[in-house]
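What follows is calculated from the coordinates using simple rules that are stated; it is not laboratory data. In this text the structure is predicted, and so the values were computed from the model without any measurement. Cβ atoms come from the backbone with ideal geometry, glycine included; neighbour counts cover every protein chain shown.
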Amino acid sequence: MTQTFTKISLILGLIALLISCNAVKRVPDDKFLLTDNTIVVDEEEINDAGVFSQLIQKPNPKIPLVNVPMGLHIYNLADPQPDSTFTKWLYKKPKREERLVRFLSKKQVDQIGNSYVGLNKWLEKSGDAPVVIDDSKAKKSLERIKQWYSKRGWFNTKGSYGVKIDSTKKKRATITYNIQRFKPYYLDSIQEKISSKVVDSLFQDTKDKSFVIEGKQYAAADFNNERDRLTIQFRNSGLYHFDQDYIGFEADTINTGHKANITYLIPDRKITVGDSTRTEPFKIHKINEVRIITDYSFANKDRKFSDSATYNGYTLFSYDKLRFKPKAITDAVSITPGQIFRDIDRTLTYNQISDLRIFKYPNINYQEDPRDSTGTGLISTVLLSPRKKATLETDFDTYTSIIQQIGVGFSASVILRNVFRRAEILEISGRGSIGSSKDANDSERFFNISDVGGDIKLSFPRIVFPVNTNKIIPKYMSPSTSISLGINAQNNIGLDRQNFNAIFSYQWKPSKIRTNKLDLLNIQYVRNLNTANYFNVYVSSFDRLNEIAVANDYTFQNEDTQVLEIPDETSLFITEALDDSNPLSLDTDEIDDVSSIKEREERLTEDNLIFATNFTWTRDTREGILDNSFSRLQWKIEGAGNILSGIANLAGLTKNDNGNYETLGIVFSQYIKLEGNYIKHWEINSNSVFAVRTFAGVAIPYGNSTSIPFTRSYFAGGANDNRGWRAYDLGPGSSGSIQDFNEANLKIALNAEYRYTILGDFKGAFFVDAGNIWNVADNITDESSRFTSFSDLSEIAIASGLGIRYDFGFFVFRFDVGFKTYNPALTEGERWFKEYNFGNAVYNIGINYPF
């Protein structure tokens, strides 16, 4: 309690210190620090982010809730004249410099001065200079606001601004902008003056899709969008020489009663030769020839080709021997001989060539075909620069964890490109680690645990299927097929699990923001070699078992310790405890607990064979790492065991004693699994983002299974989930995390996070996480762990907290503190804020944002 009070006092003290700092110490005496902007439109105060974005001057950013301009205070810590300050200090006492030089050296004394100057420059650079009210910038802001409304139809907007000095605080003031908009303009008649017949014909075909609509309030953005729309349409309809500058608009607003009569102006093509210019109607161009240079480089550009090939109208050239099957390259080129020119084909080709991962970013150009007498033929040239045939990547790492006091890891991967001359990619990777653990069976050696594994993956830039799928999944969708095999083995770690997996998968992109993935076969085999170590790993289960034994005066093999010996005595005790004659005289609750422990042991120590098929649908609107306003929707459906079950039924196979079919001596898993995940980010301003995530998933066992394999079940808590609980600590339901690794087959997760800039690359966050896991439609009978009705949603756990992050550019280091705000494991009526303190807080370290 004392430690918690000390931490809280320290935080409050730091906040109070910052608040008490003199924010205006660097503001000149005749100037004022801008503390707030207000915009009043038609006598009503507004908060429109679009209007506020027009302001040139904005107050110094403040940390939310505490309302402290951290950047300004750090800037104010800097000495504005560090050189003179240091010099003045050095010579303040007559013999100070002489003593310092004698004690250190002249060079070191100079270095002290340079360090002092550098520190202050760093403070100024890291902080935020005070935003001092500037009359010229306020006038410019006012003009920008008026222009903003003018672009939306209010052509006759008037405005003014006023500075209000804060009488309660020194050298502080606010600015209020007053805007009067009057009556807006609306679009009236819309006409066209289009010179080229082919352009007019294309225009009329899509006239109904125009952004410029009669009766709509004038908006400059509509005209920009219309220019973009027509340019895209024309350049994708064969008009090779057309560009946006040919599209103009004429607006007549004279004596029209706040109405604008609009006329499209699209002249003929201008052709300049020397000093003379002429015009001619636009023509539709077609692709006469596509040339592909497969090994282009600047050094090769003057060499003669030594090899070539033709395929489906394409001509492939190579300076050296052609190393690719022609179809492998042409399948990635959307520019098609004999078809009309379409600008989108160039963009698609860029994307598809890049998706091959065989070449660097390609160079694509067009030229008029000198052999074409009509002047409408084009020759397209695609310049491809191959990447290295093979690349090797290695990684070395050291770490510590709960299991390993020290660990050393190593991984290596080799990428081989164009393996079979059809642009295939073969990836071979291996990984391994050794570590030291006090819990390992082998205590004689320092490095007494190990984990090794390897994967091999072969990717094809096409759909590998007996039937041609080009009509269903055309090449512009960048289809690919991958086959992967992987194996992993642990030694002296937990149950010494061995894991084998094999995946046959398809992927394609129906659009820029859509991705589909189908795992036609997803096979996983999990084998546990050291099941006798179970109660050494799952300590909570062992502690409860031993507690029951002690409470019932069980005759221990070692009466001095009264601790069940693992594994023989634990197995014997479970057998006796569950004997129908109840020789140990356990009560009903104790028998239920032992039965639950035995059932969980059997489930977590059994070998698993998962023979699954799944489909994942993803829609992601994010355009790059700098895009802070986007959404991502993903759903997935997976079915396992159905093929094996069907084969077993058709073959008339015999079930085992427990009523299950076996394959290779293993009971295969059968279940259906559904998942949905939605993420949305809103950019509030340049310094803050609000993000939310919702997730729901359920896996229902049936047929050959009564439970979900551990590797396919859900857990809650951790750095990327509910941050008030450690991973596997939350749930199921209100059971109170009685196991070491709590998991279940139903999960709901809800997260919200407000992210803001503290100072430069230092970011902060406030977050609220909610969610839990439950058992549903499986063999778990504990009511506190099961989801039986919507009333169980009251068991959704809630955490809240704050975090600090540092953005390194290529990744973000994250430290979050989560507090248990609502804990469903506690007694009803005692769940809110009972553990909301630093003593029960969970500290999470992560890389990159949690969602």
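Of VAL66, ASN120, THR174, which is farthest towards the positive pole of region 24-180's charge dipole, taken about the Cα centre with +1 and -1 on the beta-carbons of Lys, Arg and Asp, Glu respectively?
Highest projection toward the positive end goes to ASN120.
Quick check for you: which residues of region 613-648 have the amide N under 15 Å from the point 7 Å beyond the Cα of SER354 toward its beta carbon?
622-627
What FRET efficiency do you get for VAL467 and LEU650 if R0 is 22 Å and r is their Cβ-Cβ distance, rounded to the nearest 0.05?
It comes to 0.35.
Could you tell me the largest-minus-smallest coordinate of the C-alpha atoms of region 24-180 on each of the three principal axes, in descending order and whole angstroms?
The Cα atoms of region 24-180 stretch 75, 32, 31 Å along their principal axes.
Got a sec? Which residues in region 275-317 would a label at SER385 touch, if it sits 7 Å along Cα→Cβ and we count backbone N under 13 Å?
Within reach of a label on SER385: 295-301.
For the chain, what is the charge dipole size about the Cα centre, in debye to the nearest 20, if Lys and Arg each add +1 at the Cβ and Asp and Glu each add -1 at the Cβ?
Taking the Cα centre of the chain as origin, the dipole is about 5900 debye.
Around ASN178, under 13 Å between beta carbons, what's the net of Lys plus Arg minus Asp minus Glu among the other residues?
My count for the surroundings of ASN178 gives 0.
Would you give the gap between the C-alpha center of region 498-528 and the C-alpha center of region 339-362, rounded to a whole Å?
With region 498-528 and region 339-362 each reduced to a Cα centre, they are spaced 26 Å.
Compute the distance in nm between two label points, each set 7 Å from the Cα along the Cα-to-Cβ direction, one at TYR116 and one at LYS58.
For TYR116 paired with LYS58, the spin-label model returns 3.8 nm.
Could you work out how far apart the two model spin labels at VAL419 and ASP134 are, taking each label as a point 7 Å from the Cα in the direction of the beta carbon, and quote it in nm?
6.0 nm
Could you pull out the trypsin sites (Lys or Arg not before Pro) across region 471-511 that fall in loop regions by DSSP (anything but H, G, I, E, B) with no more than 14 other Cβ atoms inside 10 Å?
LYS471
Give me the net charge of PHE32's neighbourhood, meaning all other residues with Cβ under 15 Å from the Cβ of PHE32; Lys, Arg count +1, Asp, Glu -1.
Combined, the nearby Lys, Arg, Asp and Glu give +4.
How do THR157, THR277 rank when sorted from fewest to most other Cβ atoms within 10 Å of their own Cβ?
THR277, THR157
Under 15 Å from the Cβ of HIS285, count the other residues' Cβ atoms, weight Lys and Arg +1, Asp and Glu -1, and hand me the total.
-1
Cβ neighbours within 10 Å, averaged per peptide: list 814-827, 547-560, 22-35, 644-657 in order, most packed at the top.
Top of the packing list down: 814-827, 22-35, 547-560, 644-657.
For THR256, project a label point 7 Å along Cα to C-beta. Then give me every residue of region 159-184 with its amide nitrogen under 16 Å of that point.
183-184
Ranking request for peptides 451-460, 294-303: highest mean number of other beta-carbon atoms within 10 Å first, then the rest in descending order.
With the highest mean Cβ count within 10 Å placed first, the list reads 451-460, 294-303.
Counting other beta carbons within 10 Å of each residue's own, what order do PHE410, PHE447 fall into, fewest first?
Ranking PHE410, PHE447 by Cβ neighbours within 10 Å, fewest first, gives PHE410, PHE447.
Could you work out how much longer the chain between ILE513 and TRP682 gets when fully extended? Use 0.36 nm per residue separation minus the Cα distance between them, nm to one decimal.
Fully extending the segment from ILE513 to TRP682 adds 59.1 nm.
Note the full-extension length gain between GLU98 and LYS164 as 0.36 nm times their separation in residues minus their Cα-Cα distance, in nm to one decimal.
Full extension from GLU98 to LYS164 adds 18.4 nm.
Would you mind classifying region 231-276 by shape? Square roots of the alpha carbon gyration tensor eigenvalues, ordered a ≥ b ≥ c; an a/c under 1.5 is rounded, otherwise it is prolate if a/b is larger than b/c and oblate if not.
Judged from the Cα gyration tensor, region 231-276 comes out oblate (a/c at least 1.5, b/c at or above a/b).
Relative contact order (percent) for the chain, with alpha-carbon contacts under 8 angstrom and 6 or more residues of separation?
6 percent
Given the -39500 (n - 2.57) contribution per DSSP H run of 4+ residues, what per-residue ellipticity at 222 nm results for the chain, rounded to the nearest 500 deg cm²/dmol?
Helices in the chain give a 222 nm mean residue ellipticity of -6500 deg cm²/dmol.
About its Cα centre, how strong a charge dipole does region 322-365 have in debye, to the nearest 20, once Lys and Arg get +1 and Asp and Glu get -1 at the Cβ?
So the magnitude is around 240 debye.
Note the full-extension length gain between GLU606 and ILE625 as 0.36 nm times their separation in residues minus their Cα-Cα distance, in nm to one decimal.
2.5 nm
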